[in-house]
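Enquirer: The structure's right below; bear with me while I get my questions together.
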Amino acid sequence: NDVGTRVVFERLGAEQVVRLLRELLAPEADVPVAVHALYLANNIAVRSAEHCAHLVQDRELLRAIVGHAASGESEVAIGALWCINSIASHRADADADAGEPRFMAALEEEGVQPMLEMLLGDSGLCLGVRDRVKSCLDYFAAADDA
């Protein structure tokens with residue numbers, strides 16, 4: 001159900017939602033604030049491809065999300081990886097479970113796959129982050145097969 005994110009976009013407008021998320025995900029953001037902002041971004045991304053497009057089209061916001069995936073704070077990294085998962089999950093044909101990924105090109109332009117592969121090679125990565133990284137990489141493998 002898209003009621004929550006729909007209302008946020010209707011009341012604030014897409015530009016304001018994106019600006020707020022950019023501010024909340026600034027490098028100097030407190031960890032709890034960044035975690036909550038990432039989960040808000042994730043909920044926006046997963047609920048609707050239309051709303052997700054606003055996140056992806058703002059490259060500064062997309063870079064912030066991707067950058068947080070490499071955070072030394074596991075809570076922050078996991079939140080960012082959930083966002084990447086949700087962004088990667090949308091297909092060009094909204095009614096298809098498989099097929100051409102809708103936002104994969106934007107993720108590739110931000111160097112997400114090499115960053116994920118680098119993270120996976122980090123022996124100090126906690127199990128929760130490692131599992132999320134593997135899940136994200138599955139979308140890239142599926143995109144390569146499409």
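Enquirer: Can you name the residue in the range 57-76 that is within 13 Å of Leu107 (Cα to Cα) and in a loop (DSSP other than H, G, I, E, B) and is also nearest to the chain's Cα centre (by Cα) among such residues?
Expert: Residue satisfying both the conditions and the ranking: Ala69.
Enquirer: Take the conditions over 24 Å from Leu127 (Cα atoms), of a type in the set (A, V, I, L, M), open to solvent by 50 Å² or more (accessible area, probe 1.4 Å) and more than 11 Å from the chain's Cα centre (by Cα) and apply them to Ala92. Does it pass?
Expert: So Ala92 passes the test.
Enquirer: For the range 9-32, enumerate the residues that are open to solvent by 50 Å² or more (accessible area, probe 1.4 Å), outside any loop (DSSP other than H, G, I, E, B) and at pLDDT below 95.
Expert: Once the filter is applied, which keeps residues that are open to solvent by 50 Å² or more (accessible area, probe 1.4 Å), outside any loop (DSSP other than H, G, I, E, B) and at pLDDT below 95, the range 9-32 yields Glu10, Arg11, Leu12.
Enquirer: Only helices (runs of 4 or more DSSP H) wholly contained in the range 99-146 count here; list those with 1 or more residues that are surrounded by fewer than 18 Cβ atoms within 10 Å (Cβ to Cβ), at pLDDT 90 or above and in contact with a Leu (Cβ under 8 Å, 6 or more places away or on another chain).
Expert: Where helices (runs of 4 or more DSSP H) fall fully within the range 99-146 and carry at least 1 residues being surrounded by fewer than 18 Cβ atoms within 10 Å (Cβ to Cβ), at pLDDT 90 or above and in contact with a Leu (Cβ under 8 Å, 6 or more places away or on another chain), they are 112-120, 127-145.
The values are calculated or read from the model by the stated rules, or taken from the named source; none is laboratory data. Model, not experiment: these values are computed from the prediction. Reconstructed Cβ throughout: ideal geometry from the backbone, glycine too, with neighbour counts over all protein chains shown. Accessible surface is based on the protein model in full, side chains and every heavy atom, while ligands, DNA and RNA are left aside. Shrake-Rupley method; radii C 1.70, N 1.55, O 1.52, S 1.80 Å.
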